[in-house]
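Structure first, then comments.
The values are calculated or read from the model by the stated rules, or taken from the named source; none is laboratory data. Please read all numbers here as calculations on a predicted model, not as lab measurements. For neighbour counting, all protein chains shown are included, and Cβ atoms are generated from backbone atoms with ideal geometry for every residue, glycine included. When the accessible area is computed, the model is the full protein with side chains, heavy atoms only, and any ligands, DNA or RNA have been set aside. Shrake-Rupley method; radii C 1.70, N 1.55, O 1.52, S 1.80 Å.
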Amino acid sequence: MENTINGIHHITAIAGNAKRNYNFYTNVLGQRLVKKTVNFDDPETYHLYYGDKEGTPGSILTFFPWEGIQTGRRGARQATEIGYSVPKGSLDFWVNRFEKHNVIYNKVAEKFGEEYLTVLDPDGLKLELTASKTADNRLPWETDEVKAENAIKGFHNVTITTNKMQPTADILTGVFGYKLLEQNVNRYRFITDAVENANIVDLVEVAGEVAGHVAGGSVHHVAFRVANEEILMQYREKIAALGLHITDKIDRNYFYSLYFREPGGVLFEIATDNPGFAVDESVEELGQNLKLPAQHERFRSALEKSLPKLF
Ligand code: ZN
């Protein structure tokens with residue numbers, strides 16, 4: 001995993017009520033809040049990061065919770081499903097848990113030979129819990145109610161819905177080092193062997209599908225993972241050489257980022273492993289305190305009053 005794209009780094013989505021979002025991801029799904037910070041571009045709003053113990057890339061789902069935001073609509077030119085990896089044999093546990101917590105879910109189904117459970121978060125964001133057929137040796141975060149034998153290990157895949165799959169496929173295969181693994185009707189599964197997990201992107205091609213609307217309950221962007229800034233900037237050149245607009249390097253405190261819109265319409269980010277979430281608090285304390293980037297530190301007392309309490 002030297003000069004490669006190492007699967008998914010994080011996925012960022014939009015939520016409504018912050019506490020409801022926090023309760024679902026920590027209490028119901030058993031994820032760890034690994035960072036409580038603000039949207040650097042809109043510091044009146046949280047940016048919440050959920051993942052495993054250390055916030056390992058490949059496990060991180062992040063949200064901008066905007067109270068009262070309208071609900072988005074799934075459709076083309078969007079990442080439409082977020083797939084988590086769960087242990088084999090755990091899907092019954094999750095069905096029972098979703099029943100108990102009045103969560104909307106579908107009965108267990110199968111694709112590409114893997115059983116999965118579709119579930120909607122409180123804002124309607126579509127998640128899938130997949131019992132992967134390949135080994136997933138990642139150590140999950142455990143809670144009192146969600147122990148390791150059932151716990152989410154991180155991402156399994158992400159699904160992008162597109163009118164025409166080829167332009168997006170060309171980025172995945174020609175730039176990111178993915179290859180087509182399997183095709184089932186209009187679903188194309190791409191995988192990279194640079195890493196063992198969080199390494200799958202599914203493209204679903206639906207020619208007539210109307211473009212989705214990104215708002216509450218939808219994915220804002222998908223971030224792919226690189227080891228460091230030097231490799232990040234190598235990818236910047238590769239993307240720019242295709243004639244696509246790509247941002248300059250942006251410091252996100254916990255990683256460095258570039259953003260570009262892939263030809264299928266989805267906002268892609270490339271993000272580094274360094275410096276990671278323990279840069280401003282210890283691993284034990286992750287997520288406990290409001291963390292602000294230097295430029296917003298002077299607003300701390302006002303923000304601590306105005307941001308909604310999570311716990
Ligand atoms: Zn991001």
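If the condition is being acidic (Asp, Glu) and within 14 Å of Val34 (Cβ to Cβ), then segment 263-311 contributes Asp280, Glu281, Glu284, Glu285. Can you spot a residue in segment 44-53 that is more than 18 Å from Thr118 (Cβ to Cβ), among the polar types (S, T, N, Q) and in contact with a strand residue (DSSP E or B) (Cβ under 7 Å, 6 or more places away or on another chain)? Yes, some residue in segment 44-53 is more than 18 Å from Thr118 (Cβ to Cβ), among the polar types (S, T, N, Q) and in contact with a strand residue (DSSP E or B) (Cβ under 7 Å, 6 or more places away or on another chain).
When Phe224 is tested against (1) assigned to a helix (DSSP H, G or I); (2) aromatic (Phe, Trp, Tyr); (3) within 14 Å of the ligand (Cβ to nearest atom), exactly one condition is not met: (1).
Take segment 250-297 and flag every residue that is of a type in the set (S, T, N, Q) and not in a loop (DSSP other than H, G, I, E, B). Ser257, Thr272, Asn274, Gln295, listed by residue number.
Taking Val34, is it over 15 Å from the mean Cα position of the chain (by Cα), touching a residue at least 24 places away in the same chain (Cβ under 8 Å) and within 16 Å of the ligand (Cβ to nearest atom)? Here the answer is no, as Val34 does not meet what is asked.
If you take the residues of segment 1-25 that are over 19 Å from Ser218 (Cα atoms) and more than 16 Å from the ligand (Cβ to nearest atom), which of them is modelled with the lowest pLDDT?
Ranking the candidates gives Met1 first.
Within segment 227-249, the set of residues being within 14 Å of the ligand (Cβ to nearest atom) and open to solvent by 50 Å² or more (accessible area, probe 1.4 Å) comprises just one member, Lys249.
Restricting the first member to segment 83-94 and to residues that are closer than 10 Å to Thr130 by Cβ, and the second to residues that are at pLDDT below 95, the beta-carbon pairs closer than 6 Å and six or more apart or on different chains are Ser85/Ser132. Each residue in segment 121-147 was checked for being farther than 21 Å from Phe224 by Cα and without any contact (Cβ under 8 Å) to a residue 60 or more places away in the chain, and 4 pass. Taking the conditions (1) open to solvent by 20 Å² or more (accessible area, probe 1.4 Å); (2) under 30 Å from Pro263 (Cα atoms) in turn, Ile160 satisfies each one other than (1). Cβ-Cβ distances below 6 Å connect the following pairs, each with a first residue in segment 1-20 that is assigned to a loop (DSSP other than H, G, I, E, B), a second residue that is open to solvent by 10 Å² or more (accessible area, probe 1.4 Å) and within 15 Å of the ligand (Cβ to nearest atom), and a separation of six or more residues or different chains: Asn6/Arg225; Gly7/Arg225.
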